[in-house]
Ligand code: DI6
Ligand code: FE
């Protein structure tokens, strides 16, 4: 079956075109879930019998990609939210046994089926806004079996919704109470065996860690990254979020796909990331929600040409956010990123942060046919509006999805 999008204003995000890669009166031809032709309407004839989607002058972008989420989790942490409103800091809550470890308790009590059921509404919120690929991390199980349970639940999501799911092993997210003060023992006893078991079951697309004073040191993260390397798995890192432990430079040293958060990253870290091709994944939802005051060094990333991506960081503690459109507005409003940087951040650069730029993130021949059609006058409206969803149609892997389930 051939499908042609006509009367479309294409924001292709192609690196071969300037800016958003705009084709004002464009067509896209789709066959077998792949894009087989993209260009000016005058260049692309509509084959007889093709299914035609008349976009009526609407804007078309690549399907949006949320490249950093903790989407699979159980329960919520609204009570801690109230504590923070009363003045407790994120680190104080973490040191008092709240934070990540309180989500651990809830995940350990949940079955795999429970986790899937609790996650689907969050996934549906992303899909409703034109998201076609979602990265999902483990990290709330912190035992081998519970980390596997989380990753199996993440894999199940792709069987229940028309969306692509990539999984990231985040066993090095926090040290559970029974290993308090014994990070290395936890890494040896749980994190590394969990990684091996998850990899053996085909549950891991990348490996991540929380490099921070309240979590794991750079030296401890090296143990995890060396294991990932030996398994041929790419890496990512929650880096320099609350302090500068030079996590960005560590991620770059391992040619990590991405380093994420980066509020405290310095120029040396930004330059190292660019040299290594490591994408800066910025997470304005966490910055906003924990009322951070130190913005990530956008100007340094611009100066050094570091690719910047954006993601929701959807998690129950620091970013209970399930809107990539709002994430873009936060990045523009709080971090002063441009409309172009924001839109590239949830398409082309987000695909890069997942190591999937070969198949996703732009409207180019050969890419997977993941597209979003928007009822907007200009792409800027996708960043400008707060809490408004102008999605007209979503196409995933060539399938036209009218609603969430189709
Ligand atoms: N940094 C964060 O902001 C989240 N994880 C991380 O490494 C917090 C996760 C949580 O508080 O549940
Ligand atoms: Fe995160």
query = How high is the FRET efficiency between residue 179 and residue 92 when r is their beta carbon distance and R₀ equals 22 Å, given to the nearest 0.05?
reply = 0.60
FRET efficiency estimate (nearest 0.05) - Cβ-Cβ, residue 82 to residue 336, R0 25 angstrom = 0.25
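So what is the orientation-averaged projected area of the chain, using the convex hull of its C-alpha atoms, in nm²?
On the way: hull surface 72.6 nm².
Average of the hull's projected areas for the chain equals 18.1 nm².
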remark   = Using alpha carbon centers only, segment 68-143 is separated from segment 144-178 by a whole-angstrom value of 12
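What value in Å³ per residue do you get for the convex hull of the alpha-carbon atoms in segment 134-266? Don't jump to the answer; show the numbers that get you there.
On the way: hull volume 13.2 nm³, N = 133.
Roughly 99 Å³ of hull volume per residue.
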message = Using Cα springs under 10 Å in a Gaussian network model of the chain, which residue among 65, 23, 93 shows the largest mean-square fluctuation?
response = 93
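How large is Rg over Rh for segment 17-84, taking Rg from the Cα atoms and Rh as the Kirkwood inverse mean of 1/r across Cα pairs?
Details: Rg = 20.5 Å, Rh = 16.3 Å.
Reported Rg/Rh, Kirkwood definition of Rh: 1.26.
Between residue 31 and residue 217, what length in nm is gained on full extension when 0.36 nm per residue of separation is reduced by their alpha carbon distance?
On the way: separation 186, 0.36 × 186 = 66.96 nm, distance 4.81 nm.
My answer for the length gained is 62.1 nm.
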inquiry  = Could you identify which residue out of 110, 200, 153 has the top mean-square fluctuation in a GNM of the chain using Cα springs shorter than 10 Å?
reply    = 200
query = Taking only Cα atoms, what is the 0 to 90° angle, nearest 10, from helix 218-230's long axis to the longest principal axis of the chain?
reply = 60
key: Inter-centroid distance (Cα atoms) of segment 209-231 relative to segment 246-302, Å   = 16
task = Give the distance, in whole Å, between the Cα centre of segment 312-358 and the Cα centre of segment 16-33.
result = 22
query = Once the Cα atoms of helix 112-127 and of the chain are each reduced to a long axis, what angle between those two axes, in degrees from 0 to 90 to the nearest 10, is obtained?
reply = 40
inquiry  = Angle check, please: helix 100-109 long axis (alpha carbons) against the longest principal axis of the chain (alpha carbons), in degrees 0 to 90, nearest 10.
reply    = 80
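Coordinate-derived values only; no laboratory data. This one's a predicted model, so the numbers in the text were calculated from it and none came from an experiment. Virtual Cβ from ideal backbone geometry, glycine too; neighbours counted across all protein chains shown.
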